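One structure is given below, encoded as structure tokens.
The values are calculated or read from the model by the stated rules, or taken from the named source; none is laboratory data. This is a predicted model, so every value here is computed, not measured. Here the Cβ is made from the backbone with ideal geometry for all residues, glycine too, and neighbour counts use every protein chain on show. Protein only, heavy atoms only, side chains kept; ligands, DNA and RNA dropped before computing areas. Shrake-Rupley method; radii C 1.70, N 1.55, O 1.52, S 1.80 Å.
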Amino acid sequence: MEPLLKVVKAGVFASLQDEGRYGFRRYGIPVSGPMDRVAFRFGHEIVGNGQGCVSLEMFQGGFLFEALCEQTYVLTGADGEYLLNGSAVQCWRTFVMRPGDVLEIRQTRRGQIVYLTAAGGFIEQSKLGSRAAYRPAGFGREMVAGTVLAGEKSVVFTNRRGLYDDFVPAMKKPVIRVFKGPHFHLFDEVSKQHFFNSSYRFQGGNRMGYHLQGEQLKLTEPKNMLSEATFFGTIQVPSSGQPIVLMADAQTVGGYPMIGTVHPDDLRFIAQLNMFEQICFELVEVG
């Protein structure tokens, strides 16, 4: 184990994530893991990491890192303004940092989440069989100024590796596929029409849930709901009538009516929404 990077300046929010923590939902512990699994996995494939490796997931930017040793890295996910010693760093392609080098994640643009992946991955303490941060349970460190990220010293690549532009995954999808939720039938017909024929605007949120704003959704009649299982992609509708999409760190049960569930392949597009961006939903059938 070797110190790789020091956090000089902490931005909006960051956490260390592996593939996730499985087998503990019945105890109220969510899977967690990356919000954008495609960008996360490509990062590890590009630098040749195996299963179970850890990346640093960052929201929106504002981060500054100082290199403590020579190491190969890659940034994947949202486009943005990323600088190494003041020069632009391109996403989806490896770069090398040497002691004293400074990496600035100034701001994200197209998308809001970017992953920093080191060759060999970052090292973090395992909790319940995973190194994925889940801050409500105290799993994982807070990324503050002075935090040191360690990893295994690896061979520095002599040639750059990465994806050709034509193979870089899209960050945006204006129409999100949705399956009917368990309480879809409880919503009135006008609300169902609104949900699939109008747009909703991203109003903010975090790794637990994203808040959307648009046409108000209403039940046919008031109803007391029993708490039921929820997961990444569940779309709940609280009393405000404005939908909430549950994200990677969401609670495992909830008592709000669930109008739909986001298609697993479209979760990453929800995760990468920028503030005030608008999306529409499309109903798809299971199977």
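Values computed for the structure shown
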{"read-out": "P(r) histogram, all alpha-carbon pairs of region 161-223 included - 10 Å bins from 0, percent", "value": "16, 37, 27, 12, 6, 1"}
{"read-out": "Highest-first arrangement of 83-96, 171-184, where packing means the average Cβ count within 10 Å", "value": "171-184, 83-96"}
{"read-out": "Label point 7 Å beyond Cα of Glu142 along Cβ direction - residues of region 8-36 with amide nitrogen under 19 Å", "value": "8-17"}
{"read-out": "Whole-angstrom gap from region 240-277 to region 60-137, using each part's C-alpha centre", "value": "26"}
{"read-out": "Other-chain or far-sequence residues with amide H under 5 Å of Glu277's (modelled H)", "value": "Phe202"}
{"read-out": "Spatially close lysines, pair count over the chain: Cα under 25 Å, gap of eight or more or interchain", "value": "12"}
{"read-out": "Ellipticity estimate at 222 nm from DSSP helix runs (n ≥ 4, -39,500 (n - 2.57)) divided over the chain, nearest 500", "value": "-2500 deg cm²/dmol"}
{"read-out": "Two-decimal log10 I(q)/I(0) for the chain, as the Debye equation yields it once each C-alpha is a single scatterer, q = 0.08, 0.13, 0.16 Å⁻¹", "value": "-0.36, -0.87, -1.21"}
{"read-out": "Under the Debye formula (equal points on every Cα, no solvent term), log10 I(q)/I(0) of region 144-191 at q = 0.17, 0.33 Å⁻¹", "value": "-0.86, -1.21"}
{"read-out": "Rounded tilt (10° steps) of 37-47 against the dominant C-alpha axis of the chain", "value": "20"}
{"read-out": "Share, in percent, of DSSP beta bridges within the chain that are antiparallel, nearest 5", "value": "95"}
{"read-out": "Sorted peptide list for 109-117, 191-199, criterion being average Cβ within 10 angstrom, highest first", "value": "109-117, 191-199"}
{"read-out": "Largest-first ordering by accessible area, 1.4 Å probe, given options Asp36, Asp165, Asp79, Asp188", "value": "Asp165, Asp79, Asp188, Asp36"}
{"read-out": "Debye intensity ratio I(q)/I(0), log10, region 54-187, q values 0.13 Å⁻¹ (C-alpha model)", "value": "-0.66"}
{"read-out": "Whole-number accessible area per residue in Å² for the chain, which is evaluated in the context of all protein chains at 1.4 Å", "value": "45"}
